[in-house]
Amino acid sequence: MEFFKKLERKYSRYAIHNLMNYIVAMYVVGMFLQYVNPNFYWQWLCLDAREILHGQIWRIVTFMVLPPFGNLVSNALMIYLYYSLGSTLERVWGAFRFNVYFFLGVLGHVIAALLLYLLFGTRVILTTTYLNLSLFLAFAATFPDLQFYIWFLIPIKAKWLALIDSLFIIQGLLFGNVASRVEIIFSMLNFILFFLMTRNYSKVNPREIRRKQEFKSQVKIKPQGRTHHRCAVCGRTELDGDDLEFRYCSKCEGNYEYCQDHLYTHKHVTKDSQ
């Protein structure tokens, strides 16, 4: 985590802002090619390791122009969805972190294609399927309780959709061959590595931010020279730890303050109990 923070401080100025605008533009080009010349992508743009090793290095980037589906309506809906997911993650994480996450996914796809060809002699044409899936998994990990509507009717939380996708990934890892396992592991490299490096997202989670703001609005500024907060249960004060938080209980009759360990577990004080 500290290593990543150092990278962010040093290279954040090089981050591409509004990255999803460029990705959507590439998808639009891919949709145009689907109707003008469907074979052009597979001949010249797809992620073909053999052709990359023969000098066609542009495929490392151009394979991303392939849109998620083959028809106009489905593509429009899914491109808008992925644009919304990616733009939201960039606003929450910051441009640098989102850039790192996305391009780790691209790098993982390239590594998977090259390994499969060099080690197993297998030409696997990787598309943007796992790249888009990793984007959704990142969104679900950051906003687990946000609801999506299947067919615009059935509400389901992001964490359950992510669980379903994860089951298919696990199935491929357990029952697939070596080539498919390499494909899955490296194609999901961004989700695996990035969340190992920056797995604590409570600081940027909107719900956590709102909770802390509400808490700060309820506590008073500590006077200098003496303690201000004291837990009515354990007696700890702010001097007992920098991470301790205190809050008054609205259900207790009187000015009773509790630390975070006893705020929700204490017995409420009423006139009858005093």
_Matching option when the condition is among the hydroxyl-bearing types (Ser, Thr, Tyr) and open to solvent by 60 Å² or more (accessible area, probe 1.4 Å), among Thr129, Thr142_ = Thr129
*Just give me the residues in region 10-21 being assigned to a helix (DSSP H, G or I), out of contact with any Gly (no Cβ under 8 Å at 6 or more places or on another chain) and within 14 Å of Ala95 (Cβ to Cβ), in sequence order.*
Tyr11, Arg13, Tyr14, Asn21
*Could you figure out which of (1) of a type outside the set (Phe, Trp, Tyr); (2) open to solvent by 40 Å² or more (accessible area, probe 1.4 Å); (3) modelled with pLDDT under 60 isn't true of Asn205?*
(2)
_Just checking, does region 82-95 include any residue being at negative phi, in a loop (DSSP other than H, G, I, E, B) and touching a helix residue (DSSP H, G or I) at 6+ places or on another chain (Cβ under 6 Å)?_
no
*asked:* I'm trying to understand the selection: among the residues of region 73-95, which are under 16 Å from Ser12 (Cα atoms) and open to solvent by 30 Å² or more (accessible area, probe 1.4 Å)?
replied: Arg91, Val92
*Restricting to region 40-72, what's the tally of residues that are assigned to a loop (DSSP other than H, G, I, E, B) and open to solvent by 80 Å² or more (accessible area, probe 1.4 Å)?*
4
_Criterion: outside any strand (DSSP E or B), in contact (Cβ under 8 Å) with a residue 24 or more places away in the chain, within 30 Å of Lys10 (Cβ to Cβ) and touching a Phe, Trp or Tyr at 6+ places or on another chain (Cβ under 8 Å) - qualifying residue of Leu161, Leu135_ = Leu135
*Residue check, Met26 more than 18 Å from Phe191 (Cα to Cα) and without any contact (Cβ under 8 Å) to a residue 40 or more places away in the chain*: yes
*Pairs only if they're at least six apart or on different chains, beta carbon under 8 angstrom, first in region 230-244 and at pLDDT 80 or above, second open to solvent by 60 Å² or more (accessible area, probe 1.4 Å) and part of a helix (DSSP H, G or I); list them, first residue then second.*
none
*asked:* Being open to solvent by less than 40 Å² (accessible area, probe 1.4 Å) and assigned to a helix (DSSP H, G or I) is the filter here; which residues of region 167-182 pass it?
replied: Ile169, Gly172, Ala179, Ser180, Val182
*Can you pull out the residues in region 106-118 that are more than 12 Å from Arg50 (Cα to Cα) and either open to solvent by 60 Å² or more (accessible area, probe 1.4 Å) or not aliphatic (A, V, I, L, M) (or both)?*
Leu107, Gly108, His109
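The values are calculated or read from the model by the stated rules, or taken from the named source; none is laboratory data. As the structure is a prediction and not an experimental result, all values here were calculated from the model. Please note: Cβ atoms are built from the backbone with ideal geometry, for glycine as well, and neighbour counts cover all protein chains shown. Please note that ligands, DNA and RNA were not included when accessible areas were found on the heavy atoms of the full protein model with its side chains. Shrake-Rupley method; radii C 1.70, N 1.55, O 1.52, S 1.80 Å.
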